[in-house]
Amino acid sequence: MAVGCSVVSPEVASERDLRALAAIVSENRPDLPDGEGLPPSLLADLMGQIRCDFLSLDRSASGRHAYSILQAIPALSDDELKAFENVDPARWEHWRACRSDCLSNTYPERTGDLRSVVKPSDFYSARQWHSTGMYCDYHRPHGIEHELQLCLPEPAGLSAGPGRSVRLYLYRGPGPDFSERDRAVLTLLRPHLYQAYLDAERRRHPVRRLTPRQTELLSLVAAGHTNTQVARRLGVTEGTVRTHLENIYGRLGVSSRTAAVTRAFPRTLAPFGGNCP
């Protein structure tokens with residue numbers, strides 16, 4: 001596949017890899033992270049399939065001073081977490097400037113491609129990468145030489161916001177870069193990781209049940225009907241439809257039709273269509 005200005009080899013995974021991934025996908029995971037994120041057992045299994053020295057699940061918002069580490073393996077101390085998140089405003093500006101010269105980190109924002117799994121070597125030679133501010137000021141001091149990045153959009157109705165995304169980073173120190181086999185494994189697991197993230201969030205924030213009337217109305221909205229069409233189908237006024245929708249938004253903790261549908265009927269939507277992952 002083509003990524004940025006480079007072309008990488010076709011993604012491949014062995015039969016042994018596929019059997020291992022099938023076991024990961026079929027595993028029932030009752031564990032939840034302490035906060036937001038993925039089941040720790042799933043991340044441990046992932047690290048068992050793709051060797052890495054450090055793994056983090058991060059949230060970022062393009063164009064805003066918002067970046068946080070949701071999970072890290074091994075776990076970070078409070079001081080290490082502050083160092084990674086750059087809580088000092090002056091350091092944040094410096095980090096943002098450095099990040100802008102890191103083509104792998106900015107790839108999703110620049111291209112709108114949230115599907116591709118990327119790494120710095122897709123865009124830079126080793127010498128070029130070592131000359132970037134991102135490597136000099138942040139990767140090298142933390143002993144990071146190689147990085148593999150997977151991007152997931154924030155699911156509507158949970159904690160979404162404009163330009164927000166969740167990134168899974170796998171890091172290695174000096175030694176071999178991540179291989180095309182590693183990229184293939186992460187690519188194949190991506191739909192499962194996204195669904196696991198959604199499931200974990202819903203278990204942490206259970207959805208209040210809708211009344212039968214609210215479910216009927218929202219089903220019509222999910223089918224693409226306008227308020228006028230919904231009112232006609234249900235034999236009520238448009239004002240009544242709007243009132244029902246406001247009540248639905250409050251019950252589900254969302255603020256839009258799309259978010260309400262996604263929150264109420266998560267498995268009826270195609271999670272990998274359009275701009276979804």
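The values are calculated or read from the model by the stated rules, or taken from the named source; none is laboratory data. Bear in mind the structure is a predicted one, so any value in this text is a computation, not a measurement. All Cβ positions, even for glycine, are placed from backbone atoms using ideal geometry, and neighbour counts span all protein chains on display. Protein only, heavy atoms only, side chains kept; ligands, DNA and RNA dropped before computing areas. Shrake-Rupley method; radii C 1.70, N 1.55, O 1.52, S 1.80 Å.
Details
- Label point at Ala23 placed 7 Å out along Cα→Cβ; residues across region 36-60 whose backbone nitrogen lies under 11 Å: 49
- Reduced Cα scattering model of region 160-255, Debye log10 I(q)/I(0), q = 0.19, 0.26 Å⁻¹: -1.00, -1.30
- Potential extension, Cys136-Ala223 segment - 0.36 nm per residue separation minus Cα distance: 26.2 nm
- Kirkwood hydrodynamic radius of region 103-230, from inverse mean 1/r over distinct Cα pairs, in Å: 17.7 Å
- Atom-type composition of the exposed protein surface of region 128-254 places 52 percent of the accessible area on carbon and sulfur (1.4 angstrom probe).
- Modelled spin labels at Arg257 and Asp31, positioned 7 Å past Cα toward Cβ, are 4.3 nm from each other.
- Between the amide H of Asp53 and those of Tyr171, Arg172, Gly173, distances stay under 5 Å, these residues lying 5 or more places away or on another chain, with hydrogens modeled in the peptide plane.
- 1.4 Å probe accessible area per residue over region 194-262, in Å²: 54 Å²
- Only protein heavy atoms count here; on that basis, with a 1.4 Å probe, Leu193 has an accessible area of about 0 Å².
- Computing FRET efficiency as 1/(1 + (r/R0)^6) for Glu80 and His192, where r is the C-beta to C-beta distance and R0 is 41 Å, gives about 0.90.
- Site pair Asp177 and Arg127 shows an inter-label distance of 1.5 nm when each label is modelled 7 Å from Cα along Cα→Cβ.
- For the set Thr237, Thr262, solvent exposure ranked by accessible area (probe 1.4 Å, protein chains only) runs largest to smallest as Thr237, Thr262.
- Heavy-atom accessible surface of Arg233, to the nearest 10 Å², is about 150 Å², with a 1.4 Å probe and all protein chains retained.
- Under the simplified labelling scheme, the Ala97-Arg115 pair shows an inter-label distance of 3.7 nm, with each label point 7 Å from Cα along Cα→Cβ.
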